[in-house]
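Engineer: Mind looking over this structure? Questions follow.
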Amino acid sequence: MQIEEGKITTKNGNEYVLRSPEKDDAEAVLAFRRDVAGESAYLTRYPYEIENSPEKEGEIIGNYLRAEHLIMIGIFDGNRVIGVTSVSPVGLNFKTRHRASAEIVVRKEFWNLGLGTHLLEKAIKYAGELGYERLELSVFADNARALRLYKNKGFVDCGQIPQAFKTMDGNYHDEILMTKNLWRF
Ligand SMILES: CC(C)(COP(=O)(O)OP(=O)(O)OC[C@H]1O[C@@H](n2cnc3c(N)ncnc32)[C@H](O)[C@@H]1OP(=O)(O)O)[C@@H](O)C(=O)NCCC(=O)NCCS
């Protein structure tokens, strides 16, 4: 789906554009994905594992724009992507299609300015409007910033997978699964 373009203001008063990425943003989205994969230890891919061509990324963005059950929202500083959230179904079969999972990522230089909160609020709003009943997130257990953000917005822990992530330094990190009920009552 395509969301209506809007503006958001950070805690320090800067204004950015919030909109669905278009196919022409493919290069900017890829640059964002590679940069953030290098900046944060808490994403599931290393930069070299971001392998899509701009054409492939453009196709993915096109799918998100067309499909009524998919949401991708970017925060833009001009043409530069500084934050992304996406929402997709956990499964397409009857028994799981009421559940969606979300990703939230912000460039490091913009952390702690409220952008993650803006993105999560939008993910919750649009996931609810699309009819999803639960929104789920997966978090490295030592990612205190993300855990704080998700708990602030009403997500609860629903399980922990020991040693779910193995990093190149030889360490393991548990995964915390979080979920929020989107019902309006
Ligand atoms: C997690 C992430 C999306 C948060 O984005 P953000 O724009 O910094 O989020 P916000 O500024 O809206 O909120 C951050 C919250 O964490 C708090 N925080 C900051 N540092 C913290 C720390 N070390 N420990 C606990 N809380 C912390 C902030 O105070 C704020 O909470 P508050 O609103 O109650 O004051 C961002 O850090 C990011 O993209 N990280 C890398 C990728 C990632 O981890 N994504 C999540 C994968 S599940």
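Engineer: For region 140-148, in order, what is each residue's ³J(HN,Hα) by Karplus, 6.51 cos²θ - 1.76 cosθ + 1.60 with θ = phi - 60°, in whole Hz (x at glycine and Pro)?
Structural biologist: Using θ = phi - 60°, the values come out as 4, 5, 9, 8, 4, 5, 5, 4, 4 Hz.
Engineer: Relative contact order for region 6-136 using alpha-carbon pairs under 8 Å, separation at least 6, rounded to a whole percent?
Structural biologist: Relative contact order comes out at 23 percent.
Engineer: Also, I was wondering about something else. Enter the accessible area of His69 (Å², nearest 10), with the probe set to 1.4 Å and all protein chains included.
Structural biologist: The accessible area of His69 comes to roughly 80 Å².
Engineer: List the GluC sites (Glu not before Pro) in region 28-113 that DSSP assigns to loop (not H, G, I, E or B) and whose Cβ has at most 15 other Cβ atoms within 10 Å. Which are they?
Structural biologist: Glu51, Glu68
Engineer: How large is Rg/Rh for region 6-136, to two decimals, with Cα atoms and a Kirkwood Rh?
Structural biologist: Expressed as Rg/Rh, it is 0.96.
Engineer: Sorted by packing (mean other beta-carbon atoms within 10 Å per residue), highest first, where do 174-180, 127-133 land?
Structural biologist: Ranking, from highest mean packing down: 174-180, 127-133.
Engineer: A further question follows. Considering only protein heavy atoms and a probe of 1.4 Å, how much of the accessible area of the chain is carbon and sulfur, as a whole percent?
Structural biologist: Using a 1.4 Å probe with all protein chains present, the chain comes out at 47 percent carbon and sulfur.
Engineer: Given a 1.4 Å probe, how much area per residue of region 6-136 is accessible, in Å²?
Structural biologist: Per residue, region 6-136 has 50 Å² of solvent-accessible surface.
Engineer: Can you tell which of Asn79, Asn171, Asn52 shows the greatest fluctuation in a Gaussian network model of the chain with Cα springs below 10 Å?
Structural biologist: Asn171
The values are calculated or read from the model by the stated rules, or taken from the named source; none is laboratory data. Model, not experiment: these values are computed from the prediction. For neighbour counting, all protein chains shown are included, and Cβ atoms are generated from backbone atoms with ideal geometry for every residue, glycine included. Only protein heavy atoms, including side chains, enter the accessible area calculation; ligands, DNA and RNA are left aside. Shrake-Rupley method; radii C 1.70, N 1.55, O 1.52, S 1.80 Å.
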